[in-house]
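One structure below.
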Amino acid sequence: MIEAKSIGKFFSVINEKGLAEGLTAVLNVSLTIPDGKIVSLLGPSGCGKSTFLEILAGLQAPTDGTIHIDGKLVLEPLPATRKEQIAYRRRYRFISPLANGVFRDHPKHDIAMIFQDYAVFPWMTAIQNVEFALKLRNAGPAGKRLRRNEIQEKAAFYLNKVDLGVFAHKYPSQLSGGMRQRLALARALSVEPKIILMDEPFAAVDALTREKLQDELLRLWDETKNSSNPITIVMVTHDVPEAVYVSDEVVVFSPSPGTIRNRIPVDVKRPRARTEAELIEIQERIFAMFQYDLNQESEYSI
């Protein structure tokens, strides 16, 4: 279970006059996500969705609040006041910053992240990209060590799961955008994480490929749903139909600074059809929220 409590993120920025001023990206966000669910974070550009996702991943420390996964703290909030800085130094006075980063603040959870720009290595073939993720996990402090032949077999297995087996020895430049995104998905799945975090994963592909990738994601997620290790997926998207189609819940963020505007459960039986009346009604409700934020008017009750 993911538990975010009162998450805030504040950035210091320099304005055009060379003066420091503040920017609050995320403000007092609390969210609980049960295991095995798909949750989409939806909202306008600049509302802090991606920042919040990176805080979930442990790639950024929150300014305020905490993230716990299965009861374990992901990262400590950074000290913001002089009093907090003094307490922080006292706590770690005998530990170097490097050691603190490795032993105290290193993410301790089975998380894989998929970025909008695929983040695959162009100098590696498809199978080498997946093998790299497995080798990296092998070098970590936890889990069973895999032998070389096991890594090769597992990489091939997950490439086949996303229908890229015949392209195993192709380089990313030789693959289409949709195929590169499937490669990123295979790499994330290969380490068998409990949580997959996705930041606009299908934004760079055409509409038809996007729908195919959504169905592929749901198929792979469904295979784990009734297992002992169901995958939880948290996805940032700007696409309202996508969020409603794939998710068990849609979390709507307000314009900057990002707060949770509404949480909308999608209690529609799977497999779903994109044209189902219930899904269309939820989409219209969300569009009405965005319209209200833009024009301060709506025919819907929010």
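The values are calculated or read from the model by the stated rules, or taken from the named source; none is laboratory data. From a predicted model like this one, the values you see are computed outputs, not experimental measurements. Using ideal geometry, Cβ is built from the backbone for each residue, glycine included, and neighbour counts are taken over all protein chains shown.
Points to keep in mind about this one:
Matching residues to (1) modelled with pLDDT of 65 or more; (2) surrounded by 12 or more Cβ atoms within 10 Å (Cβ to Cβ); (3) among the aliphatic types (A, V, I, L, M):
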site	(1), (2), (3)
P62	yes, yes, no
K72	yes, no, no
A80	no, yes, yes
I86	yes, no, yes
R91	no, yes, no
P97	no, no, no
V102	no, yes, yes
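- If you go through segment 122-165 and keep only what is surrounded by fewer than 14 Cβ atoms within 10 Å (Cβ to Cβ), at pLDDT 90 or above and under 17 Å from Q181 (Cβ atoms), you end up with P122, N160.
Each row is one residue, and each column tells you yes or no for (1) in contact with a Leu (Cβ under 9 Å, 6 or more places away or on another chain); (2) within 21 Å of E200 (Cα to Cα); (3) part of a loop (DSSP other than H, G, I, E, B); (4) not assigned by TED's automatic domain parsing to the domain that holds V205.
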| residue | (1), (2), (3), (4) |
| --- | --- |
| P122 | no, yes, yes, yes |
| F132 | no, no, no, yes |
| L146 | yes, no, yes, yes |
| A156 | no, no, no, yes |
| N160 | no, no, no, yes |
| D163 | no, no, yes, yes |
| K170 | yes, no, yes, yes |
| Q181 | yes, yes, no, yes |
| L185 | yes, yes, no, yes |
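- Qualifying residue in segment 158-172 (condition: under 15 Å from the mean Cα position of the chain (by Cα), of a type outside the set (D, E, K, R) and within 23 Å of S227 (Cβ to Cβ)): no
- Considering the conditions (1) in a strand (DSSP E or B); (2) not assigned by TED's automatic domain parsing to the domain that holds S228, L41 is excluded by exactly one of them, (2).
- Checking I264, I282 one by one, the residue that is more than 30 Å from P172 (Cα to Cα), in contact (Cβ under 8 Å) with a residue 12 or more places away in the chain, in a helix (DSSP H, G or I) and touching a strand residue (DSSP E or B) at 6+ places or on another chain (Cβ under 7 Å) is I282 and no other.
- Scope segment 187-198; condition surrounded by 24 or more Cβ atoms within 10 Å (Cβ to Cβ) and assigned to a loop (DSSP other than H, G, I, E, B); matching residues: none
- Selection count, segment 1-59, where residues are touching a helix residue (DSSP H, G or I) at 6+ places or on another chain (Cβ under 9 Å), surrounded by fewer than 21 Cβ atoms within 10 Å (Cβ to Cβ) and within 28 Å of R285 (Cα to Cα): 3
- Matching residues in segment 219-238 - criterion: being over 18 Å from A112 (Cβ atoms) and in contact (Cβ under 8 Å) with a residue 24 or more places away in the chain: H238
- Evaluation of F253 against the conditions (1) farther than 19 Å from F287 by Cβ; (2) touching a Lys or Arg at 6+ places or on another chain (Cβ under 6 Å) shows that the sole unmet condition is (1).
- Of the residues in segment 199-212, at least one is surrounded by fewer than 15 Cβ atoms within 10 Å (Cβ to Cβ) and either of a type outside the set (D, E, K, R) or farther than 19 Å from I114 by Cα (or both).
- Note on segment 247-286: residues that are within 15 Å of V236 (Cβ to Cβ) and touching a Leu at 6+ places or on another chain (Cβ under 6 Å) total 3.
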